[in-house]
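Each remark here refers to the structure printed beneath this line.
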Amino acid sequence: MTFFGRDLVLRRALDKQWLSPGQLETARTELKRQPEAAGSTLELIRRLVANGALTPRQVAELQAEVLGLDVLEPDPAKISPEVLALVAREFARRHALLPIDRRAGVMRVAVCDPFETDGTDSLAHLLGCEISTGVVPEDVFESVFTILYGPAKVPTAGAHEESYGERPESMTARAGVAEDENDAPVIQLVQGFIAEALARRASDIHLEPLAGRFRVRYRVDGLLVDAGGPPRALHPAVISRVKIMANLSIAEKRLPQDGRIQLSGQGRAIDLRVASLPTVHGETMVLRVLDRAARQPGLDDLGLAAGDRSTLERLICLPDGIVLVTGPTGSGKTTTLYGCLQHLNQPDRKIITVEDPVEYQLTGINQVPVRTETGMTFAAALRAMLRQAPNVVMVGEIRDLETAEIALHASLTGHMVFSTLHTNDAPGAVARMADLGVKPFLLAASLRAVVAQRLVRKVCRQCGERYRPGPAEWQGLGLAGLPPREVEFTRGPGCLACQGTGYHGRIGLFEIFLINEAVQQVIHERVSPVRLRGMARAQGLGTLRADGIRKVSAGLTTSEEVVSMTPGDS
């Protein structure tokens, strides 16, 4: 049946005039030069596709027509990790099949070659269920396979960083969990979570036990995406597996724990920062994905407008003073500071940072991790750093008065200092420093600028399309008082590249509040945040909303993103 069926595929291609007799004869002639494949109809079909005589879509349609099957285009976002974990990566690649879903004892799979039944027969035997088959074009299979299983073999846990200690080979046995055949499904399940996170470009993996389910979510471009989850009964085993990989105690379930997993494979290095937290339904866990092989962003990659870019370059090249970057958690503050440090990283400058934790290692820069359990706090590290004669200092975050005063004094004694604060806008940083107890004269003398920022999702380049905004959208941006101009915005309907969201990646929105003599005077006078903000606007402060409108007009993001992430301008 296999050979006859493939011959019938070629006959129907000729009948439909998708294939000419000359193209078929050319392919046969080429195969004769390869005696081992000369008589294979399968190799003949592959040769026709390689020559462009048939497309993968046409081959899939012909195969489906001969066998009475459907042509499938699997949506990776709709394939749950539980179903994906049932089929190992190597098995799926070897038999060119993709798991779709499993309902009522029937598992649906998409295959490239429906005439080859070894894979589906083996799957039916292994899972003990019926297999329903559809045909997937080979090019679609390759793209979906990469999204589901990752571009390379899933990395395996290796040695931890020196600061976390080496992971002993006997750790698993000592922890009381043997990695035998009975544990293989759980190991594959955890590997599946990691593979899907990498394929989706996720920044976090959230493993959350709820009352009646075990929920898995991925944070992609700043938004959490619910990916379903395995059965609730697997939660303890999954959490224990991750703890073993992170060198955490699997016996401790009442206290939070933090660890790190270092993965490597196919030349790619990935760090996972692991944090567990006890809840009423069990331990919840977050794995922060840090790709050490990714290129660190510079100032060109932040999304700064030309004027803001030149202003920031001038600020960070000053010999002394302090520049604060503000925004909520997850707004990209550390990335902006890394971009500034990369710009300043020259052989004639000594740069030291203190961070909690050190997310990415920057070549040529001295980075100090905070360890509160040993007394290495931000303040203690900052004091020690200043004795190292640095030119540039970065403090990951100013959290208390002691750290703030040391950083400000350092900026007055010939050091350029960068740090972050949690405030809603740039002028609000002055009030926040006052709340910490910083003396106004000290802040006014040392502060050079405050940069506020947000991150918004970028429109997908693959499916983005231009359109004319309506009055409601124009008004939503706060432009109701202005007549709608002849402008076009961009939005994405969704495609395979952006996983149906219409967005791919993120870009920053910025406002830069420069501290001049007039502003120094009002800081001395302890004016209210409202008056300070009004003064900044009067001096030409470009707000977050205004920067967002510029990026919407340039087709980089959407009005919905800007409205949801920035406060309106009065």
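Coordinate-derived values only; no laboratory data. Please read these numbers as outputs of a predicted model, since none were measured by experiment. Here Cβ is always computed from backbone atoms with ideal geometry, including for glycine, and neighbour counts include all displayed protein chains.
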- Starting from the alpha-carbon convex hull of the range 421-570, give the projected area averaged over all orientations, in nm². 9.9
- Indicate, rounded to the nearest 5 percent, the antiparallel portion of the DSSP beta bridges found entirely in the chain. 65
- Query: What does the chain give for Rg and for Dmax, in Å, if only its C-alpha atoms count?
  - Reply: 28.9, 91
- Among trypsin sites (Lys or Arg not before Pro) in the range 498-570, those in a DSSP loop whose Cβ has at most 12 other Cβ atoms within 10 Å are R526
- Message: I need the peptides 96-107, 385-396 ranked by packing, meaning the mean over residues of other C-beta atoms within 10 angstrom, with the highest value on top.
- Response: 385-396, 96-107
- In degrees from 0 to 90, rounded to the nearest 10, what is the angle of the helix 306-316 Cα long axis to the longest principal axis of the chain? 60
- Any idea what angle helix 21-31 forms with the longest principal axis of the chain, computed on alpha-carbon atoms, 0 to 90 degrees, nearest 10? 80
- Query: How fast does the range 347-448 diffuse by Stokes-Einstein, in µm²/s, taking the Kirkwood radius from C-alpha pairs at 20 °C and 1.002 mPa s?
  - Reply: 152
- Message: What whole-number volume per residue, in cubic angstrom, does the convex hull of the C-alpha atoms of the range 352-403 give?
- Response: 80
- The farthest towards the positive end of the charge dipole of the range 224-370, of the residues T336, M285, V354, given +1 on Cβ of Lys and Arg and -1 on Cβ of Asp and Glu, is M285
- Query: So, how do all the Cα-to-Cα distances of the range 524-570 break down into 10 Å bins, in percent, from 0 on up?
  - Reply: 25, 42, 24, 8, 1
- Note on the structure: Answer in debye to the nearest 20: the dipole magnitude of the chain about its Cα centre, from +1 Lys/Arg and -1 Asp/Glu charges placed on Cβ, is 940
- Query: Taking only Cα atoms, what is the 0 to 90° angle, nearest 10, from helix 2-15's long axis to the longest principal axis of the chain?
  - Reply: 80
- Message: Test of the criteria: in the range 81-150, which GluC sites (Glu not before Pro) are in a DSSP loop and have at most 12 other Cβ atoms within 10 angstrom of their Cβ?
- Response: none
- Calculate I(q)/I(0) for the range 184-331 by the Debye formula, one identical point scatterer on each C-alpha and no solvent, and give its log10 at q = 0.09, 0.10 Å⁻¹ to two decimals. -0.39, -0.47
- Query: Averaged over all directions, how much area does the convex hull of the C-alpha atoms of the range 224-296 cover when projected, in nm²?
  - Reply: 6.3
